[in-house]
Amino acid sequence: MNLRTLAKRGLAATGTAGLARSAVRRLRLLRGNARRAQALRRVTRDDTIPELRPLPQARYIFAVGAIPRRYAGRTASVLTKAKLLAEQGGVQCEILTMNYSAELDDVAHEIDERGALGDGVRIINLYDSLVGEPSKHPITHPVDEPGMDYIKDADGSVYRYFENGVYRLYKRFDYAGRLIVRDWFNENRGRTRRDEFGTDGHIRRTTYYDLHYNKPRQEIYYRSDDTAFMSKWLVVNPDDLTTQVERITMFDADERPVKVLHSHIELIHEYLDRVIGDDHVFLSVESRRTDPEVLDYRRPNVKRLYVLHNPHASGYSVSKVRATYRPMLDRHAQADAIVFLTAAQRADAEAHYGHQKNFFVIPHPVKLPAPAAPVERDPELVVVLARLDQQKQLDHAIRAFAQVVKHRPKARLEIYGRGPEEAALRRLIGSLRLEKSVSLKGYTTDPSAVYRSASACLLTSAYEGFGLVVLEAASYGCPVVSYDLSYGPSDIIEDGRTGFLVPEGDERKLAERTLDILRDPALRDRLSQAAEESVHRFSPESCLARWSALFNTLDAAGWS
C-alpha cells in the first residue's frame with residue numbers, strides 16, 4: 001500500500017477529508033522535492049560573478065507581447081533590466097511590444113513619469129514599421145458627441161456616452177488629451193467596433209467584432225495618411241474563445257490588394273526584418289507567448305536569447321515540462337542563450353536536458369534604496385503585493401490571517417494589486433468576517449512606502465520564477481514570510497535570519513511565523529536589518545556584470 005492510500009485511509013477514517021487531501025498534497029510535495037533535490041545534487045553548478053566589461057556595440061531589443069497599464073513582476077523586471085543596461089551599461093535599449101496597442105504611448109508616458117523607463121530606453125511597437133511618420137496635419141477629437149450625453153470615469157481619461165439612456169460609446173484619452181480608443185456598442189451592450197488612434201489623431205486600426213462572442217473578426221490597419229495597408233481576418237474558437245488569424249491581405253499605397261499571407265508568423269518575420277534591418281541585434285524574448293513568433297526567426301545578424309520568468313517544470317517532476325515552455329526548451333540547442341533566474345531552475349532543466357553550454361543564470365537585480373531615516377513600522381501591519389490571480393493563492397494568505405487575528409485582534413493585512421480574483425477574495429474576506437482586519441487596497445504606484453510601513457510581507461504563490469517581491473521587500477527591510485517554493489524565495493531568504501520559509505501550502509505555519517514577528521519587535525528588527533543587508537548580492541552592478549559577460553560571449557562567437 002502506498003503513502004497516498006495510507007494517508008487517505010488514515011485521515012478519512014476520522015472524518016477529516018479536507019485534512020486527508022492536505023496530507024496527500026504534502027506527501028506529493030515531499031516526494032517531488034526529494035526528486036528535485038536528487039537532481040540538484042547531480043547537476044547544480046554555481047556561477048561566480050564575473051568582472052564587468054564594456055557591452056558590445058549592438059542593438060539590445062527585449063521582445064514582449066504587451067506592456068499592461070497596471071503591470072506586475074515580469075514587466076517590471078524587463079523595465080529594470082533595460083534601464084540598467086542603458087544607464088550603467090551605456091547602450092541603447094528597445095522594448096519591442098509584439099501586439100498592437102494604441103495606448104502604448106500613453107502607457108510609456110506613465111512609466112516614464114514614475115521614473116521606471118530610464119534614459120536610453122525606448123518602448124516601440126512592431127506594427128509601427130509600416131505606419132510611417134505621424135501626419136503633418138494632426139486631428140483633434142472633441143469630448144462631446146452630437147446627440148449623446150456622457151459621464152466621466154474617476155480616473156479622468158475615460159468617458160461613457162448614452163443616447164436616450166442606451167450605452168452607445170466609450171472613449172479613452174491620453175495624458176495630453178488626445179483620443180486613443182473609441183468603442184461602439186449596440187443595444188445589447190455588445191461591442192461592434194473599436195477605433196484606435198495615433199498621437200497625431202489619425203486612425204491606426206479599426207476592429208470589427210463578432211456579435212456573439214464579442215471577439216475580433218476583422219482588423220484594418222492604416223498608415224498615417226489614412227490609407228489601409230493591411231486587413232486581418234480572424235476566427236473564434238468557441239471552446240476557449242481564443243482567436244486565430246485566418247488570412248492577411250496587404251494593400252499598396254492606393255489600397256489595392258497586392259499580397260496574401262496565411263500565417264501570422266510570416267507577417268511577424270517581415271515586421272522584424274523592417275525593425276532590425278542589417279544591425280547587429282541581441283533579441284531577448286521575455287514572454288512564452290512570443291516564442292512561436294521568434295523560434296523560426298533566424299538571421300546572421302541576430303542573437304536570440306530566451307529568458308524564463310516562471311518555472312518550466314510541471315507538477316512535481318523535473319521531466320514534465322509545461323506546455324508553454326516545451327517548444328522553446330525542446331529546441332534549446334538552436335538558441336544562442338537560455339537564461340534562468342536561479343541555479344536551481346537551471347539544475348532542474350539540465351536534469352532533463354543534460355548539461356548545456358548555452359544555459360545561463362542571471363538573477364533579477366534590486367535597486368538598493370538610498371539611505372533614509374529609520375522608519376516607524378506599524379507593529380500590527382502585514383502586507384502582500386501581488387496580482388489577484390490564482391497563481392498567487394491569496395486565499396491562503398487570507399485564511400492564514402484569520403488564524404493570526406484570533407491571537408492578535410488588532411493585526412491588519414493589506415493586499416495591494418488587481419486581478420481576476422478580486423471578487424472571489426472579497427467574498428472570502430466576508431465569509432470569514434475579516435472586513436475589519438483584511439483589506440484589498442488596489443494597485444499602488446509607491447511600493448516602497450508600503451514596505452517601509454509594514455512589519456512583515458507574505459508570499460503564498462503556487463509557483464514563482466524568482467519572487468522579485470521578496471527581493472524588493474527585503475531591500476526596504478520588510479521581513480518576508482514565504483512558502484518554500486521550488487525557485488526564488490529560498491535563493492533570497494535565509495530562514496530565521498532574514499525572514500521565514502514555511503512548507504508550501506502550510507497555512508498554519510504561515511500564521512505562526514507571522515505571529516512570531518508581530519509579537520516580538522526585537523525579532524522583527526533583527527530580521528529587518530539582516531534582510532536589508534542580504535540583498536547586496538543582488539545589486540545592479542552584479543547583474544550588469546553577468547549580462548555583460550553573456551553578451552560578450554555571444555559577440556565573440558561571431559555573427560555569421
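Values in this text are rule-based calculations from the coordinates and carry no lab data. From a predicted model like this one, the values you see are computed outputs, not experimental measurements. Glycine also receives a Cβ, built like all others from the backbone with ideal geometry; neighbour counts cover every protein chain displayed.
Distance distribution note for the chain: the fraction of Cα pairs above 40 angstrom is 33%. Residues whose amide H comes within less than 5 Å of that of Cys457, counting only those at least five positions distant or on another chain, are Val383, Val480, Val481 (H built at 1.01 Å from N in the peptide plane). As a rough guide to protection, the peptides 340-349, 171-180 ranked by mean Cβ packing within 10 Å, highest first, stand as 340-349, 171-180. Sorted on the mean count of surrounding Cβ atoms within 10 Å across their residues, most packed first, peptides 406-419, 254-267 read 406-419, 254-267.
The HN-Hα couplings worked out from phi for the stretch 144-160 by the Karplus form 6.51 cos²θ - 1.76 cosθ + 1.60 (θ = phi - 60°) are 5, 10, x, x, 10, 10, 10, 10, 9, 5, 5, 6, x, 10, 10, 10, 10 Hz, whole numbers, x standing for Gly and Pro.
Relative to the current alpha-carbon distance between Tyr208 and Tyr443, full extension at 0.36 nm per residue lengthens the span by 81.4 nm. Ordering His536, Thr206, Ile398 by Cα displacement along the dipole of the chain toward the positive end leaves Ile398 in first place; charges were set at the Cβ atoms of Lys, Arg (+1) and Asp, Glu (-1). The mean sequence separation of alpha-carbon pairs under 8 Å and at least six residues apart, normalised by the residue count of the stretch 381-538, gives a relative contact order of 24 percent.
In the stretch 217-361, what percentage of the DSSP-assigned beta bridges are antiparallel, given to the nearest 5? About 60 percent, rounded to the nearest 5.
Between 0 and 90 degrees, rounded to the nearest ten: what's the tilt of helix 422-431 against the longest Cα principal axis of the chain? Roughly 30 degrees between the two axes.
Using Cα atoms only, what is the angle between the long axis of helix 521-534 and the major principal axis of the chain, expressed in degrees (0 to 90) to the nearest 10? Approximately 50 degrees, to the nearest 10. Taking only Cα atoms, what is the 0 to 90° angle, nearest 10, from helix 3-12's long axis to the longest principal axis of the chain? With rounding to tens, the tilt is 80 degrees. Only beta bridges with both residues in the stretch 381-538 are counted; by DSSP, about 0 percent of them are antiparallel. Model label points for Lys320 and Ile151, set 7 angstrom from Cα along the Cα-to-Cβ axis, are 4.8 nm apart.
Taken over the C-alpha atoms, the stretch 381-538 has Rg and Dmax values of 14.1, 43 angstrom.
Between the beta carbons of Ala556 and Asn164, assuming R0 = 60 Å, the FRET efficiency works out to 0.30 to the nearest 0.05. The label point for Gln88 and the one for Asp378, both projected 7 Å from the Cα toward the Cβ, are 3.2 nm apart. Centroid-to-centroid, using Cα positions, the stretch 175-236 and the stretch 416-479 are 36 Å apart. Counting only DSSP beta bridges whose two residues both lie in the chain, roughly 50 percent are antiparallel. Site pair His141 and Thr227 shows an inter-label distance of 2.3 nm when each label is modelled 7 Å from Cα along Cα→Cβ.
Placing +1 on the Cβ of every Lys and Arg and -1 on the Cβ of every Asp and Glu, with no other charges, gives the chain a dipole of roughly 2720 debye about its Cα centre. Each Cα pair under 8 Å and six or more residues apart adds its separation to the average, and for the chain the resulting relative contact order is 12 percent. Relative to one another, the C-alpha centroids of the stretch 94-110 and the stretch 496-536 are positioned 39 Å apart.
If the segment from Asp336 to Arg256 were pulled out straight at 0.36 nm per residue, it would be longer than the present Cα-Cα gap by 24.7 nm.
From the largest down, the stretch 301-356 spans 39, 22, 20 angstrom on the principal axes of its Cα atoms. Computed over the chain, the per-residue total of -39500 (n - 2.57) for DSSP H runs of n ≥ 4 gives a 222 nm mean residue ellipticity of -10000 deg cm²/dmol, rounded to 500.
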